[in-house]
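Asker: The structure is given below, and queries will be raised subsequently.
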Amino acid sequence: MENINWSELGFGYSKTDYNVRCYYRDGKWGELEVSSSDQISMHMAATCLHYGQEAFEGLKAFRGADGKVRIFRLDENGKRLQSSAQGIMMAELPLDKFEEAIVKAVKLNERWVPPYESGASLYIRPLLIGTGAQVGVKPADEYLFVVFVMPVGPYFKEGFKPTDYVILKEFDRAAPQGTGKYKVGGNYAASLVAGHKAHADGYSAVLYLDSKEKKYIDECGPANFFGIKNNTYITPKSDSILPSITNMSLRQIAADLGMDVEQRPIEADELATFEEAGACGTAAVISPVRKVAFPDENKEFVYGDEPGKISLKLYDTLRGIQYGTVEDKHDWITIVE
Ligand code: PLP
Ligand code: COI
(Lines give C-alpha, C1' and ligand atoms only; values in the text may rest on other atoms or scores of the structure.)
(Ligands and ions follow the chains in the order given, each with its own letter.)
Protein backbone atom coordinates (compact mmCIF):
# COMPACT_ATOMS: atom_id res chain seq x y z
CA MET A 1 0.00 0.00 0.00
CA GLU A 2 1.26 3.49 -0.81
CA ASN A 3 2.74 5.78 1.80
CA ILE A 4 0.08 8.48 1.51
CA ASN A 5 -1.80 10.45 4.11
CA TRP A 6 -5.07 8.93 2.88
CA SER A 7 -7.38 10.62 5.32
CA GLU A 8 -6.16 14.06 4.19
CA LEU A 9 -6.93 13.41 0.52
CA GLY A 10 -9.15 15.90 -1.28
CA PHE A 11 -11.01 15.30 -4.54
CA GLY A 12 -8.63 15.71 -7.45
CA TYR A 13 -6.56 14.04 -10.13
CA SER A 14 -3.53 11.98 -9.28
CA LYS A 15 -1.66 9.57 -11.50
CA THR A 16 -2.03 5.88 -10.74
CA ASP A 17 -0.36 2.94 -12.49
CA TYR A 18 -2.62 1.96 -15.37
CA ASN A 19 -5.67 2.93 -17.39
CA VAL A 20 -7.81 0.75 -19.62
CA ARG A 21 -8.80 1.72 -23.15
CA CYS A 22 -11.01 0.47 -25.92
CA TYR A 23 -11.32 1.83 -29.47
CA TYR A 24 -14.35 1.85 -31.74
CA ARG A 25 -13.27 1.65 -35.39
CA ASP A 26 -14.87 0.33 -38.59
CA GLY A 27 -18.20 -0.02 -36.84
CA LYS A 28 -17.03 -2.18 -33.93
CA TRP A 29 -15.38 -2.12 -30.53
CA GLY A 30 -11.91 -3.64 -30.24
CA GLU A 31 -10.26 -5.50 -27.36
CA LEU A 32 -9.46 -3.82 -24.02
CA GLU A 33 -5.95 -2.37 -23.92
CA VAL A 34 -3.89 -1.39 -20.88
CA SER A 35 -1.78 1.75 -20.82
CA SER A 36 0.51 3.34 -18.26
CA SER A 37 0.48 6.73 -19.98
CA ASP A 38 -1.96 9.41 -18.90
CA GLN A 39 -1.82 11.08 -22.31
CA ILE A 40 -4.05 10.48 -25.31
CA SER A 41 -3.28 11.59 -28.80
CA MET A 42 -6.00 12.43 -31.29
CA HIS A 43 -6.92 14.16 -34.53
CA MET A 44 -7.32 17.92 -34.22
CA ALA A 45 -10.74 17.67 -35.89
CA ALA A 46 -12.00 15.03 -33.41
CA THR A 47 -15.68 15.65 -32.67
CA CYS A 48 -15.12 15.69 -28.89
CA LEU A 49 -12.99 18.82 -29.33
CA HIS A 50 -15.40 20.70 -31.58
CA TYR A 51 -18.92 19.52 -31.07
CA GLY A 52 -18.88 18.15 -27.55
CA GLN A 53 -19.18 14.44 -28.33
CA GLU A 54 -18.05 13.52 -24.83
CA ALA A 55 -19.67 11.67 -21.97
CA PHE A 56 -18.23 10.45 -18.71
CA GLU A 57 -19.14 8.49 -15.61
CA GLY A 58 -18.13 8.54 -11.96
CA LEU A 59 -18.19 5.57 -9.59
CA LYS A 60 -16.15 4.35 -6.67
CA ALA A 61 -14.37 1.33 -5.24
CA PHE A 62 -14.00 0.89 -1.47
CA ARG A 63 -11.69 -1.20 0.65
CA GLY A 64 -13.81 -2.83 3.33
CA ALA A 65 -13.08 -3.59 6.95
CA ASP A 66 -12.45 -7.16 5.70
CA GLY A 67 -9.80 -5.93 3.24
CA LYS A 68 -11.96 -6.76 0.19
CA VAL A 69 -12.38 -4.20 -2.58
CA ARG A 70 -16.00 -3.43 -3.50
CA ILE A 71 -17.30 -1.52 -6.52
CA PHE A 72 -20.71 0.12 -6.10
CA ARG A 73 -23.45 -0.40 -8.72
CA LEU A 74 -21.21 -0.47 -11.79
CA ASP A 75 -24.02 -1.91 -13.93
CA GLU A 76 -26.02 1.29 -13.41
CA ASN A 77 -23.11 3.46 -14.50
CA GLY A 78 -22.72 1.28 -17.59
CA LYS A 79 -26.39 1.77 -18.49
CA ARG A 80 -26.20 5.50 -17.91
CA LEU A 81 -23.17 5.77 -20.18
CA GLN A 82 -25.19 4.02 -22.88
CA SER A 83 -28.00 6.50 -22.38
CA SER A 84 -25.54 9.42 -22.62
CA ALA A 85 -24.08 7.89 -25.80
CA GLN A 86 -27.57 7.71 -27.35
CA GLY A 87 -28.27 11.28 -26.24
CA ILE A 88 -25.39 12.74 -28.26
CA MET A 89 -25.14 10.08 -30.99
CA MET A 90 -21.97 8.28 -29.92
CA ALA A 91 -21.23 4.59 -30.30
CA GLU A 92 -22.70 2.66 -27.37
CA LEU A 93 -20.32 0.55 -25.33
CA PRO A 94 -21.69 -2.92 -24.50
CA LEU A 95 -22.35 -3.39 -20.77
CA ASP A 96 -20.09 -6.42 -20.44
CA LYS A 97 -17.19 -4.46 -21.94
CA PHE A 98 -17.87 -1.55 -19.57
CA GLU A 99 -17.90 -3.84 -16.53
CA GLU A 100 -14.81 -5.73 -17.62
CA ALA A 101 -12.90 -2.47 -18.15
CA ILE A 102 -13.89 -1.08 -14.73
CA VAL A 103 -12.94 -4.24 -12.85
CA LYS A 104 -9.65 -4.45 -14.76
CA ALA A 105 -8.76 -0.82 -14.01
CA VAL A 106 -9.46 -1.32 -10.30
CA LYS A 107 -7.53 -4.58 -10.12
CA LEU A 108 -4.50 -3.17 -11.90
CA ASN A 109 -4.43 -0.22 -9.50
CA GLU A 110 -5.32 -2.12 -6.33
CA ARG A 111 -2.49 -0.56 -4.37
CA TRP A 112 -4.22 2.81 -4.81
CA VAL A 113 -7.47 1.74 -3.12
CA PRO A 114 -7.29 3.60 0.22
CA PRO A 115 -7.39 1.66 3.50
CA TYR A 116 -10.72 1.19 5.25
CA GLU A 117 -9.92 3.39 8.24
CA SER A 118 -9.13 6.44 6.08
CA GLY A 119 -12.70 6.97 4.88
CA ALA A 120 -11.22 7.64 1.42
CA SER A 121 -12.05 5.64 -1.72
CA LEU A 122 -10.91 4.98 -5.26
CA TYR A 123 -12.74 7.22 -7.75
CA ILE A 124 -13.25 5.62 -11.14
CA ARG A 125 -13.65 7.88 -14.14
CA PRO A 126 -14.83 6.25 -17.39
CA LEU A 127 -14.74 8.54 -20.41
CA LEU A 128 -16.22 8.15 -23.90
CA ILE A 129 -15.17 10.56 -26.66
CA GLY A 130 -15.65 11.01 -30.37
CA THR A 131 -12.18 10.78 -31.89
CA GLY A 132 -13.11 10.62 -35.57
CA ALA A 133 -12.53 13.81 -37.57
CA GLN A 134 -15.52 15.87 -38.72
CA VAL A 135 -15.74 19.52 -39.61
CA GLY A 136 -19.42 19.48 -40.52
CA VAL A 137 -21.65 19.02 -37.49
CA LYS A 138 -21.98 15.22 -37.57
CA PRO A 139 -21.26 12.34 -35.23
CA ALA A 140 -17.78 10.80 -35.40
CA ASP A 141 -17.17 7.38 -36.90
CA GLU A 142 -14.45 6.56 -34.33
CA TYR A 143 -14.58 6.60 -30.52
CA LEU A 144 -12.31 6.04 -27.57
CA PHE A 145 -13.44 4.67 -24.22
CA VAL A 146 -10.95 5.02 -21.38
CA VAL A 147 -11.15 4.26 -17.65
CA PHE A 148 -8.75 5.81 -15.19
CA VAL A 149 -8.81 5.80 -11.40
CA MET A 150 -7.44 7.81 -8.48
CA PRO A 151 -7.73 7.78 -4.69
CA VAL A 152 -9.97 10.59 -3.41
CA GLY A 153 -11.35 12.12 -0.25
CA PRO A 154 -14.52 14.22 0.05
CA TYR A 155 -15.73 16.34 -2.89
CA PHE A 156 -16.66 19.25 -0.66
CA LYS A 157 -13.74 19.68 1.71
CA GLU A 158 -16.07 19.79 4.71
CA GLY A 159 -17.10 16.14 4.01
CA PHE A 160 -20.15 15.14 6.00
CA LYS A 161 -20.61 18.60 7.51
CA PRO A 162 -23.39 20.92 6.43
CA THR A 163 -22.45 23.70 4.00
CA ASP A 164 -24.27 26.49 2.20
CA TYR A 165 -25.86 26.44 -1.27
CA VAL A 166 -27.24 29.24 -3.40
CA ILE A 167 -30.02 29.65 -5.96
CA LEU A 168 -28.93 32.02 -8.73
CA LYS A 169 -31.87 32.74 -11.00
CA GLU A 170 -29.80 34.29 -13.78
CA PHE A 171 -28.10 30.97 -14.64
CA ASP A 172 -29.46 27.81 -16.27
CA ARG A 173 -27.60 24.51 -16.32
CA ALA A 174 -29.57 22.61 -18.95
CA ALA A 175 -32.50 23.28 -21.29
CA PRO A 176 -35.85 21.62 -20.43
CA GLN A 177 -35.62 19.11 -23.28
CA GLY A 178 -31.87 19.30 -23.69
CA THR A 179 -28.96 17.25 -22.40
CA GLY A 180 -29.40 17.69 -18.62
CA LYS A 181 -30.29 14.03 -18.15
CA TYR A 182 -27.07 12.86 -19.81
CA LYS A 183 -23.64 12.98 -18.23
CA VAL A 184 -22.05 15.00 -21.02
CA GLY A 185 -19.27 17.56 -20.71
CA GLY A 186 -21.35 20.44 -22.09
CA ASN A 187 -23.55 20.47 -18.99
CA TYR A 188 -20.50 21.01 -16.82
CA ALA A 189 -19.08 23.72 -19.10
CA ALA A 190 -22.48 25.42 -18.77
CA SER A 191 -22.20 25.32 -14.98
CA LEU A 192 -18.69 26.78 -14.60
CA VAL A 193 -19.51 30.50 -14.46
CA ALA A 194 -22.35 30.04 -11.98
CA GLY A 195 -20.26 27.60 -9.91
CA HIS A 196 -17.36 30.03 -9.82
CA LYS A 197 -19.64 32.81 -8.62
CA ALA A 198 -21.12 30.56 -5.93
CA HIS A 199 -17.65 29.55 -4.66
CA ALA A 200 -16.42 33.14 -4.68
CA ASP A 201 -19.40 34.04 -2.48
CA GLY A 202 -18.65 31.23 0.00
CA TYR A 203 -21.17 28.61 -1.20
CA SER A 204 -20.41 24.95 -1.93
CA ALA A 205 -22.50 24.85 -5.09
CA VAL A 206 -25.41 26.32 -7.04
CA LEU A 207 -28.83 24.79 -6.56
CA TYR A 208 -30.39 25.19 -10.01
CA LEU A 209 -34.04 25.93 -10.66
CA ASP A 210 -35.80 24.41 -13.67
CA SER A 211 -34.92 26.47 -16.74
CA LYS A 212 -38.47 26.84 -18.08
CA GLU A 213 -40.51 28.18 -15.20
CA LYS A 214 -37.68 29.05 -12.79
CA LYS A 215 -39.94 27.72 -10.09
CA TYR A 216 -38.91 24.15 -9.23
CA ILE A 217 -35.68 22.76 -7.76
CA ASP A 218 -33.63 20.82 -10.31
CA GLU A 219 -30.25 19.82 -8.86
CA CYS A 220 -26.82 21.07 -7.82
CA GLY A 221 -23.91 21.48 -10.26
CA PRO A 222 -22.30 18.12 -9.32
CA ALA A 223 -25.07 16.34 -7.35
CA ASN A 224 -28.83 15.72 -6.95
CA PHE A 225 -30.90 17.26 -4.16
CA PHE A 226 -33.19 15.77 -1.51
CA GLY A 227 -35.25 17.10 1.38
CA ILE A 228 -36.67 15.30 4.40
CA LYS A 229 -39.92 16.00 6.24
CA ASN A 230 -42.52 13.92 8.07
CA ASN A 231 -40.38 10.80 7.73
CA THR A 232 -40.47 11.25 3.94
CA TYR A 233 -37.55 11.38 1.49
CA ILE A 234 -38.44 13.90 -1.21
CA THR A 235 -36.40 14.47 -4.35
CA PRO A 236 -37.10 16.38 -7.58
CA LYS A 237 -38.63 14.78 -10.63
CA SER A 238 -37.35 16.58 -13.71
CA ASP A 239 -36.30 15.71 -17.25
CA SER A 240 -33.29 17.98 -17.09
CA ILE A 241 -31.43 16.47 -14.13
CA LEU A 242 -28.96 13.61 -14.09
CA PRO A 243 -30.58 10.38 -12.83
CA SER A 244 -28.20 9.97 -9.89
CA ILE A 245 -27.34 6.43 -8.87
CA THR A 246 -26.69 7.60 -5.31
CA ASN A 247 -30.14 9.19 -5.21
CA MET A 248 -31.72 6.01 -6.60
CA SER A 249 -29.92 4.05 -3.85
CA LEU A 250 -30.99 6.49 -1.12
CA ARG A 251 -34.63 6.18 -2.23
CA GLN A 252 -34.34 2.43 -1.77
CA ILE A 253 -32.52 2.75 1.56
CA ALA A 254 -35.14 5.25 2.80
CA ALA A 255 -37.92 2.82 1.84
CA ASP A 256 -36.03 -0.03 3.54
CA LEU A 257 -35.84 2.12 6.68
CA GLY A 258 -39.62 2.47 6.62
CA MET A 259 -39.75 6.00 5.23
CA ASP A 260 -42.06 7.25 2.51
CA VAL A 261 -40.38 8.25 -0.73
CA GLU A 262 -41.61 10.94 -3.12
CA GLN A 263 -40.09 11.86 -6.45
CA ARG A 264 -41.98 14.89 -7.69
CA PRO A 265 -41.58 18.56 -8.60
CA ILE A 266 -40.42 20.62 -5.60
CA GLU A 267 -41.21 24.34 -5.65
CA ALA A 268 -38.40 26.50 -4.28
CA ASP A 269 -40.66 27.76 -1.50
CA GLU A 270 -41.15 24.21 -0.25
CA LEU A 271 -37.52 24.40 0.92
CA ALA A 272 -38.91 26.27 3.93
CA THR A 273 -40.81 23.16 5.04
CA PHE A 274 -37.98 20.60 5.03
CA GLU A 275 -36.49 19.43 8.32
CA GLU A 276 -33.26 18.34 6.62
CA ALA A 277 -31.78 18.74 3.15
CA GLY A 278 -28.81 17.29 1.32
CA ALA A 279 -26.89 17.03 -1.93
CA CYS A 280 -26.12 13.49 -3.06
CA GLY A 281 -23.85 11.90 -5.62
CA THR A 282 -20.87 9.59 -6.03
CA ALA A 283 -18.36 12.33 -5.33
CA ALA A 284 -20.58 14.25 -2.89
CA VAL A 285 -21.89 11.06 -1.13
CA ILE A 286 -24.38 12.91 1.11
CA SER A 287 -23.36 16.49 1.65
CA PRO A 288 -25.82 17.95 4.15
CA VAL A 289 -27.17 21.44 3.47
CA ARG A 290 -26.77 24.03 6.22
CA LYS A 291 -28.70 26.66 4.34
CA VAL A 292 -29.94 27.56 0.88
CA ALA A 293 -29.64 31.25 0.08
CA PHE A 294 -32.02 32.70 -2.53
CA PRO A 295 -30.71 36.25 -2.98
CA ASP A 296 -33.02 37.07 -5.94
CA GLU A 297 -35.99 36.71 -3.62
CA ASN A 298 -34.28 37.83 -0.45
CA LYS A 299 -34.90 34.46 1.17
CA GLU A 300 -32.87 31.98 3.15
CA PHE A 301 -33.79 28.42 4.12
CA VAL A 302 -31.82 27.23 7.14
CA TYR A 303 -31.37 23.60 8.27
CA GLY A 304 -28.68 23.87 10.92
CA ASP A 305 -24.98 23.35 11.61
CA GLU A 306 -25.14 19.61 12.25
CA PRO A 307 -26.31 16.82 9.91
CA GLY A 308 -29.92 15.82 10.62
CA LYS A 309 -30.76 12.45 12.20
CA ILE A 310 -32.22 10.95 9.05
CA SER A 311 -29.41 12.19 6.80
CA LEU A 312 -26.99 10.56 9.22
CA LYS A 313 -28.89 7.26 9.12
CA LEU A 314 -29.00 7.31 5.30
CA TYR A 315 -25.31 8.17 5.15
CA ASP A 316 -24.30 5.43 7.59
CA THR A 317 -26.35 2.82 5.75
CA LEU A 318 -25.03 3.79 2.30
CA ARG A 319 -21.41 3.88 3.52
CA GLY A 320 -21.94 0.62 5.40
CA ILE A 321 -23.07 -1.14 2.23
CA GLN A 322 -20.15 0.33 0.30
CA TYR A 323 -17.58 -0.71 2.92
CA GLY A 324 -19.17 -4.10 3.56
CA THR A 325 -20.33 -3.52 7.13
CA VAL A 326 -24.06 -3.40 6.25
CA GLU A 327 -25.75 -6.23 4.35
CA ASP A 328 -25.91 -5.72 0.57
CA LYS A 329 -29.58 -6.72 0.28
CA HIS A 330 -30.08 -5.45 -3.25
CA ASP A 331 -26.95 -6.85 -4.84
CA TRP A 332 -25.30 -3.48 -5.45
CA ILE A 333 -21.73 -4.59 -4.81
CA THR A 334 -19.19 -6.23 -7.09
CA ILE A 335 -16.31 -7.70 -5.11
CA VAL A 336 -13.02 -7.45 -6.96
CA GLU A 337 -11.40 -10.86 -6.67
N1 PLP B 1 -25.99 15.34 -10.80
C2 PLP B 1 -24.91 15.72 -11.48
C3 PLP B 1 -25.01 16.90 -12.36
C4 PLP B 1 -23.72 14.98 -11.36
O5 PLP B 1 -22.61 15.35 -12.01
C6 PLP B 1 -23.68 13.87 -10.52
C7 PLP B 1 -22.46 13.07 -10.39
O8 PLP B 1 -22.30 12.05 -10.96
C9 PLP B 1 -24.84 13.52 -9.82
C10 PLP B 1 -25.97 14.27 -9.99
C11 PLP B 1 -24.87 12.33 -8.93
O12 PLP B 1 -24.97 11.15 -9.67
P13 PLP B 1 -24.42 9.78 -9.10
O14 PLP B 1 -25.07 9.59 -7.79
O15 PLP B 1 -24.80 8.78 -10.09
O16 PLP B 1 -22.96 9.96 -8.96
C1 COI C 1 -19.51 12.25 -9.60
O2 COI C 1 -20.08 12.35 -8.52
O3 COI C 1 -19.04 11.18 -9.99
C4 COI C 1 -19.36 13.37 -10.49
O5 COI C 1 -19.14 13.13 -11.63
C6 COI C 1 -19.50 14.71 -9.92
C7 COI C 1 -18.47 15.68 -10.37
C8 COI C 1 -17.08 15.33 -10.00
C9 COI C 1 -18.64 16.09 -11.78
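The values are calculated or read from the model by the stated rules, or taken from the named source; none is laboratory data. Small disclaimer: the values here were computed from a predicted structure and weren't measured. Don't worry about glycine lacking a Cβ; one is built from the backbone with ideal geometry, like all the others, and counts go over all protein chains shown. Surface areas here come from the heavy atoms of the whole protein model, side chains and all, with no ligands, DNA or RNA. Shrake-Rupley method; radii C 1.70, N 1.55, O 1.52, S 1.80 Å.
Asker: Is it true that ILE241 is over 19 Å from the mean Cα position of the chain (by Cα) and within 25 Å of LYS157 (Cα to Cα)? I'd like the intermediate steps shown before the answer.
Answerer: On the way: over 19 Å from the mean Cα position of the chain (by Cα): no; within 25 Å of LYS157 (Cα to Cα): yes.
Taking the combined requirement at face value, the residue does not satisfy it.
Asker: From VAL292, VAL302, VAL285, which residue is open to solvent by 10 Å² or more (accessible area, probe 1.4 Å) and more than 30 Å from ILE102 (Cβ to Cβ)?
Answerer: Working: VAL292 fails: open to solvent by 10 Å² or more (accessible area, probe 1.4 Å); VAL285 fails: more than 30 Å from ILE102 (Cβ to Cβ).
It is VAL302.
Asker: Just the residues that are open to solvent by less than 60 Å² (accessible area, probe 1.4 Å), away from ligand 1 (no atom under 16 Å from the Cβ) and either among the aromatic types (Phe, Trp, Tyr) or under 21 Å from ILE245 (Cβ atoms) (or both), please, taken from the range 262-275.
Answerer: Once the filter is applied, which keeps residues that are open to solvent by less than 60 Å² (accessible area, probe 1.4 Å), away from ligand 1 (no atom under 16 Å from the Cβ) and either among the aromatic types (Phe, Trp, Tyr) or under 21 Å from ILE245 (Cβ atoms) (or both), the range 262-275 yields only PHE274.
Asker: Please go through the range 88-119 and pick out each residue that is in contact with a strand residue (DSSP E or B) (Cβ under 7 Å, 6 or more places away or on another chain), open to solvent by 10 Å² or more (accessible area, probe 1.4 Å) and assigned to a helix (DSSP H, G or I).
Answerer: Across the range 88-119, the qualifying residues are LYS97, VAL103, LYS104, LYS107, LEU108, GLU110, TRP112, TYR116.
Asker: Further, regarding this structure: For the range 62-75, indicate whether the set of residues that are part of a helix (DSSP H, G or I), within 16 Å of ligand 1 (Cβ to nearest atom) and touching a residue at least 12 places away in the same chain (Cβ under 8 Å) is non-empty.
Answerer: Scanning the range 62-75, I find at least one residue that is part of a helix (DSSP H, G or I), within 16 Å of ligand 1 (Cβ to nearest atom) and touching a residue at least 12 places away in the same chain (Cβ under 8 Å), so the answer is yes.
Asker: Among the candidates ASP328, ASP316, which residue alone is in contact with a helix residue (DSSP H, G or I) (Cβ under 6 Å, 6 or more places away or on another chain) and free of Cβ contacts under 8 Å to residues at least 12 places away in the same chain? If you could, list the steps in order and put the result at the bottom.
Answerer: On the way: ASP316 fails: in contact with a helix residue (DSSP H, G or I) (Cβ under 6 Å, 6 or more places away or on another chain).
Result of the check over ASP328, ASP316: ASP328.
Asker: Would you point out the residue of the range 45-61, among those that are touching a residue at least 40 places away in the same chain (Cβ under 8 Å), surrounded by fewer than 23 Cβ atoms within 10 Å (Cβ to Cβ) and aliphatic (A, V, I, L, M), that is nearest to ligand 2 (Cβ to nearest atom)?
Answerer: ALA46
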